[in-house]
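**Q** For reference, the structure I am asking about is given below.
Each reported figure results from applying straightforward, stated rules to the coordinates on display, with no laboratory input. All values reported here derive from a predicted model rather than from experimental measurement. When we count neighbours, we look across all protein chains shown, and the Cβ atoms used for this are built from the backbone with ideal geometry, even at glycine.
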Amino acid sequence: MQTEHEQKIKSLLSQMTLEEKIGQLRQCGPSLVGAFEVSFEELLDMMFDGRISKEEFDRLMGTAKQDFREDDLKAGKIGSYNGIGDAATVNRLQKIAVEETRLGIPLLFGYDVIHGFRTVTPIPLGESCAWEPQLWEKTGRIAAKEATAAGIHMTFAPMADVAKDARWGRVSEGAGEDVLLNGMYGAAKVRGFQGDSLANDDAMAACVKHFAAYGAAEAGRDYNRVDLSMQRLYEEYLPAYKSCIEAGARAVMPAFNDINGVPCTANQWLLMDLLRGKWGFDGVTVSDANAIAECVSHGIAADQKEAAKLALCAGVDIDMTSDTYTACLKELVESKELPEEVLDRAVSDVLRLKLELGLFDHPYQTDEEREKQAMQKPEYRALAREAAVKSMVLLKNKKQDSKAQEQALLPLAVGTKLGIFGAVADKRGEMTGAWAIGAEENDCVSIVDACKSRGISYQLGNEDTVQEVAAGSDVLLAVLGERKDESGEAASRADISLPAAQITLLKKLLETGRPVAVVLFNGRPLAIPFAAERADAILEAWHPGIEAGNAVLDILFGEACPTGKLTVTFPSATGQCPMYYAHINTGRPGGKSKFTSKYLDAPTEPVYPFGYGLSYTEYAYSDIQAQRTGDAYEIRVKVKNCGDRDGEEIVQCYVQDVAAKRVRPVKQLKAFEKVPLKAGEEKEVRFQVQIQELGYYDWDMHYIVEPGEFVFYAGGNSRDCLHVSVTYKP
Ligand code: NOJ
């Protein structure tokens, strides 16, 4: 098959004109025409700075026409589209490509299917808190089934960007702060999206992004510089992308940012030496939107022509929407400033993917009937609900009753009357979170919808009606956090605490004396020290997807037992960002004494540590042991469900290299297991940690595993662990 593909590529290349080759590298988004006199970007700005309302924006968009540049398409000058997600349009454009262009090369359609297409599942950050690769794969699979039915061949996902800084809005799109988890999450998504074979009509190519280290943007400000030691890049960021490539991802998107001064879009070392050379990647690379043109703003190219040359030579195959290749490559090749072989290599990558996707044999992989049948099957909605339940993290569950004894507030008893507060509790459109562009508002179940359908007695309140609503309610629900447009791309925040109005509301609710449960909707860790101290219960719901309301009530009323654990640290103040569990000790670890590494005005410890999450039952750990078994250590620990409810505990295993040539993190996650435990049941959990995994990059960038003491930790979060030491001798 491979040689067949390579022969076909060779034969096509020999027939293609320069324009046709360049066309294969051009990815267009449909541009909007008519309906308004300003550009789309200006219109977006107008909405964001409040000159027009969101409703007015939506109305204008609804009346705009899309321009698919069909003349260019017929002339063979377009190879792929981005952002078209309906079978009728896809097939109409595909027909032009296949029947009306000189060589009949089919189009490739890419789309941001980030956490579901129509059946929107939790945002990736939320879903990562399930710590369950099979679940991640299954939701990836249903996303592919729906998206391919709408004509999509490639998703711009997974995002494998490790994100340690909660200010960065795109924390929501990945699996949090840990490199192992991001790699496992990304690999599971690749398997889910691509299925058994890319040639199947329900498989879409995964485009791993944003390569590399986009999540390390300075100060958490989106698109900002990334200045990292090579050791940290190799240890803490790159392995997550590598796992995705090893899982078979056929596409990679270079990141917007620079790394140590060289933008990823023009970074030969990154895209050629490392990705294609060392890692052996032979798929396609797709620039991020407009990123090739932006090499000029980065100050790495004098003009568009230089940008085009730099990007192509660095190994960027497809130009997403900047049209820089279209404008400049012909002249560059004709003037011999750019060897045609460089262009041919990129075109080959694009053709290869189209062949692998079976597009030459089956250019029309769907139709409107399949599209209609494929969406939101009952089993997909059931999976979305399961994923949402498993994503949610119970952060607090205590109630101060009149006898000053602490008791759990949750689960609520059947018949509990709720007073519901907070702007998003009844907003269906807010349930999905960032990047849910295929979702429809009426697909979503809000908290209020779920109360109605279950016959739960509730009243919807606001700041002015606190007293009267509280008087008729047993428990108050404060639905707080972020709107969906407050996380995601271009949504960095300089302050990640709850807005003043939400704190005021929470205080008023607490003053009523009624128990208050906070339900958080958000796309990043938030600084919530007040809520953490005063609320009776806190459920972190993230942006849970279309089954949001049902999943929240499943947990609040105890039909489901919470199992999720944080994959990000919750700091107590924004000024502590970046705050993450795998930090180093420093020479003066933060402590009571003044001259230690800490802030004067914030605690040293986070509000909630990485790996943390409560349940409706409790677990006790005992008997940790570590034993060398050949090339690995086996770590054993006993876990007991001490409560009276069945549950599932996410048991985590960390390691620390106590003394090394370079300072090492105080803990690094090495393994985990989700263990079902019946009430009263105890199990021994065993982890295998390969000795090879205990190493790091030394000053000269050699990967070494040093003899000496290692401490293994096991527990239910990164803070509260049992530990055992071993002495490693090679
Ligand atoms: C920009 C974003 O950075 C990227 O994640 C996304 O896939 C593209 N736009 C396409 O929408």
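**Q** Within segment 151-301, what percent of beta bridges assigned by DSSP are antiparallel, to the nearest 5?
**A** 20 percent
**Q** A further question follows. Spelling out what I want: for every residue of segment 569-577, take phi, set θ = phi - 60°, compute 6.51 cos²θ - 1.76 cosθ + 1.60 (Karplus), and round to whole Hz; glycine and proline get x.
**A** So the J values, rounded to whole Hz, are 7, 9, x, 9, 8, 4, x, 7, 6.
**Q** Also: Extent of segment 243-383 along each principal axis, from alpha carbon coordinates, in Å, largest to smallest?
**A** 54, 33, 28
**Q** Now for a different question. If you plug each phi of segment 101-113 into the Karplus form 6.51 cos²θ - 1.76 cosθ + 1.60 with θ = phi - 60°, what whole-Hz ³J(HN,Hα) values come out, in order, with x for Gly and Pro?
**A** 8, 4, 9, x, 6, x, 7, 10, 10, x, 7, 7, 9
**Q** Beta carbons within 10 angstrom, averaged per residue: use that to sort the peptides 544-550, 240-246, 637-643, highest first.
**A** 544-550, 240-246, 637-643
**Q** Moving on to the next point. In segment 530-595, what trypsin sites (Lys or Arg not before Pro) fall in a loop by DSSP, with at most 14 other Cβ atoms inside 10 Å?
**A** Sparse-neighbourhood loop trypsin sites (Lys or Arg not before Pro): K592, K594.
**Q** As I understand it, the dipole of the chain uses +1 on the Cβ of Lys and Arg and -1 on the Cβ of Asp and Glu, about the Cα centre. Which of A249, S53, P529 lies farthest toward its positive end?
**A** P529
**Q** Could you work out Rg/(2.2 N^0.38 Å) for segment 350-448, with Rg from alpha carbons only?
**A** With N residues counted in segment 350-448, Rg over 2.2 N^0.38 Å equals 1.76.
**Q** Loop-only check: which GluC sites (Glu not before Pro) in segment 629-714 are DSSP coil with at most 15 other Cβ within 10 angstrom?
**A** E681
**Q** Restricting to DSSP H runs of at least four residues, report the calculated mean residue ellipticity at 222 nm for the chain, -39500 (n - 2.57) per run over all residues, nearest 500 deg cm²/dmol.
**A** -8000 deg cm²/dmol
**Q** In whole Hz, with x marking every Gly and Pro, tabulate ³J(HN,Hα) for segment 352-362 from phi via Karplus 6.51 cos²θ - 1.76 cosθ + 1.60, θ = phi - 60°.
**A** 4, 5, 5, 5, 4, 6, x, 6, 5, 7, 10
**Q** Let me ask you something else. What number, in nm² with one decimal, is the all-direction average of the projected area of the convex hull of the alpha-carbon atoms of the chain?
**A** 33.3 nm²
**Q** Near the amide H of G419, under 5 Å away, which other amide H atoms are found, from residues 5 or more places off or on another chain, if H is placed in the peptide plane?
**A** Result for G419 returns Q459, D474, V475, L476, L477.
**Q** Tell me the relative contact order for segment 569-715 as a rounded percent, counting alpha carbon contacts under 8 Å between residues six or more apart.
**A** Across segment 569-715, relative contact order equals 23 percent.
**Q** Please give the net charge around F281, taking every other residue with its beta carbon less than 11 angstrom from that of F281, where Lys and Arg add +1 and Asp and Glu add -1.
**A** Every neighbour counted, the sum reads +1.
**Q** Same structure, new question: Can you tell me the 0 to 90 degree angle between the C-alpha axis of helix 324-334 and the longest principal axis of the chain, rounded to 10?
**A** The answer is roughly 40 degrees.
**Q** Among the lysines, select those whose C-alpha is under 26 Å from the C-alpha of K674, and discard any that sit fewer than 8 residues away in the same chain.
**A** Excluding near neighbours in sequence, the set is K138, K164, K189, K242, K390, K396, K398, K565, K638, K640, K683.
**Q** Between Rg and the Kirkwood Rh of segment 145-242, both from Cα atoms, what is the Rg to Rh ratio?
**A** 1.04
**Q** Same structure again: Over segment 120-220, what is the relative contact order in whole percent, taking alpha-carbon pairs under 8 Å and six or more residues apart?
**A** 39 percent
**Q** If you don't mind, another one. Could you grab the relative contact order for the chain? Cα pairs under 8 Å, six or more apart, rounded to a whole percent.
**A** It comes to 13 percent, rounded to a whole number.
**Q** Another question, if that's okay. Give the angle, between 0 and 90 degrees and rounded to the nearest 10, that separates the Cα long axis of helix 500-511 from the longest principal axis of the Cα atoms of the chain.
**A** Orientation of helix 500-511: about 30 degrees from the principal axis.
**Q** Can you pull out the chymotrypsin sites (Phe, Trp or Tyr not before Pro) in segment 521-625 whose DSSP state is coil and whose Cβ has at most 15 other Cβ atoms within 10 Å?
**A** Filter output for segment 521-625: F595, Y599.
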